[in-house]
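Single-structure report; data block below.
The values are calculated or read from the model by the stated rules, or taken from the named source; none is laboratory data. Quick caveat, the model's predicted, so the values are computed rather than measured. Cβ sites come from the backbone with ideal geometry, for glycine too, and all protein chains shown count toward neighbours. Note: accessible area is taken over every heavy atom of the protein model, side chains too, but ligands, DNA and RNA are not part of it. Shrake-Rupley method; radii C 1.70, N 1.55, O 1.52, S 1.80 Å.
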Amino acid sequence: MAVPETVGAKSITASSSRSDISQPTIDVRAHPGAALDGDRLTSWTAGDADRRAWLQLTFDDTTDVSNAELTLSPDSSSRKITVTTDSETWTVQ
């Protein structure tokens with residue numbers, strides 16, 4: 001399993017994950033950190049019943065993110081990135 005590429009990131013959290021013990025079928029390759037590990041064989045995947053899934057990266061300081069590549073499953077119903085610098089005001093990108 002590859003290590004997430006999270007230079008400056010304080011934490012990675014998600015609404016759920018298929019790697020959660022509560023899932024009917026546990027997929028250890030689907031944990032939140034897999035979203036950033038650079039390994040095409042792993043990916044963060046929300047839990048089966050999670051209809052409003054989210055993944056959150058928290059950085060130590062204001063961070064310039066010049067490029068973000070999202071690979072979504074074909075059945076994804078929502079595709080947006082929201083950004084905040086104060087945890088109160090959110091901007092859809």
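For segment 65-78, does any single residue satisfy the condition of being over 21 Å from D37 (Cα atoms) and at pLDDT 75 or above?
Looking through segment 65-78, none of the residues is over 21 Å from D37 (Cα atoms) and at pLDDT 75 or above.
Residues checked against (1) free of Cβ contacts under 8 Å to residues at least 24 places away in the same chain; (2) in contact with a Gly (Cβ under 6 Å, 6 or more places away or on another chain); (3) under 15 Å from A9 (Cβ atoms):
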site: H31; (1), (2), (3): yes, no, yes
site: L36; (1), (2), (3): no, no, yes
site: T42; (1), (2), (3): no, no, no
site: G47; (1), (2), (3): no, no, no
site: A68; (1), (2), (3): yes, no, yes
site: K80; (1), (2), (3): yes, no, no
site: D86; (1), (2), (3): yes, no, no
site: T89; (1), (2), (3): yes, no, no
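Identify the residue in segment 53-88 that is open to solvent by 90 Å² or more (accessible area, probe 1.4 Å) and acidic (D, E) and, among all such residues, is nearest to S17 (Cα to Cα).
Top of the filtered list is D75.
Would you confirm whether or not segment 34-52 contains a residue that is surrounded by 14 or more Cβ atoms within 10 Å (Cβ to Cβ), modelled with pLDDT of 85 or more and in a strand (DSSP E or B)?
The answer is no; no qualifying residue exists.
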